[in-house]
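One structure below.
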Amino acid sequence: MYQLKLEPQFKKDYQRLKHHHPELIDELMNTLNQLHLNGIVNAEYRPHILDNRGGNYNGSYEYHLSDGKVDVLVIYMPHKTNPS
């Protein structure tokens with residue numbers, strides 16, 4: 001199991017998502033549970049590394065909820081023992 005460390009901005013973003021797209025909350029919680037248990041999300045979410053050199057999230061991973069129908073992305077940094 002992996003520990004999830006949520007940034008302070010997450011609470012604000014979560015509330016905004018819950019208000020504007022409540023239909024995505026179950027999917028978000030499911031993917032966070034996948035990260036907690038396995039350190040990765042299913043390939044169907046197409047997790048990929050961000051490689052914008054000098055950017056705030058360089059080296060982090062992201063995946064999109066709702067198959068990109070709604071622009072909701074989740075950014076995470078995998079644990080060094082599970083880099084992908």
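Scanning for something surrounded by fewer than 14 Cβ atoms within 10 Å (Cβ to Cβ), free of Cβ contacts under 8 Å to residues at least 40 places away in the same chain and within 15 Å of His79 (Cβ to Cβ), does the stretch 56-63 turn up at least one residue? Within the stretch 56-63 (the criterion being surrounded by fewer than 14 Cβ atoms within 10 Å (Cβ to Cβ), free of Cβ contacts under 8 Å to residues at least 40 places away in the same chain and within 15 Å of His79 (Cβ to Cβ)), the answer is yes, since at least one residue qualifies. Going through the stretch 1-54 one residue at a time, which ones are outside any loop (DSSP other than H, G, I, E, B), farther than 13 Å from Ser66 by Cα, in contact with a Phe, Trp or Tyr (Cβ under 9 Å, 6 or more places away or on another chain) and not aliphatic (A, V, I, L, M)? Answer for the stretch 1-54, where residues must be outside any loop (DSSP other than H, G, I, E, B), farther than 13 Å from Ser66 by Cα, in contact with a Phe, Trp or Tyr (Cβ under 9 Å, 6 or more places away or on another chain) and not aliphatic (A, V, I, L, M): Gln34, His36, Asn38, His48.
Do we have any residue at all in the stretch 72-84 that's of a type in the set (Gly, Ala, Ser), surrounded by 10 or more Cβ atoms within 10 Å (Cβ to Cβ) and either more than 12 Å from the chain's Cα centre (by Cα) or at pLDDT 90 or above (or both)? Within the stretch 72-84, none of the residues are of a type in the set (Gly, Ala, Ser), surrounded by 10 or more Cβ atoms within 10 Å (Cβ to Cβ) and either more than 12 Å from the chain's Cα centre (by Cα) or at pLDDT 90 or above (or both). Put simply, of Leu65, Leu37, Leu17, Leu50 the only residue that is hydrophobic (A, V, I, L, M, F, W, C) and under 11 Å from the mean Cα position of the chain (by Cα) is Leu65. Residues of the stretch 5-54 that are under 12 Å from Tyr76 (Cα atoms) and surrounded by 12 or more Cβ atoms within 10 Å (Cβ to Cβ): Phe10, Thr31, Leu32, Leu35, His36, Gly39, Ile40, Val41, Pro47, Ile49, Leu50.
The values are calculated or read from the model by the stated rules, or taken from the named source; none is laboratory data. Here the structure is a predicted model, which means the values were calculated and not measured. Counting neighbours? That spans all protein chains shown, and the Cβs are built from the backbone with ideal geometry, glycine included.
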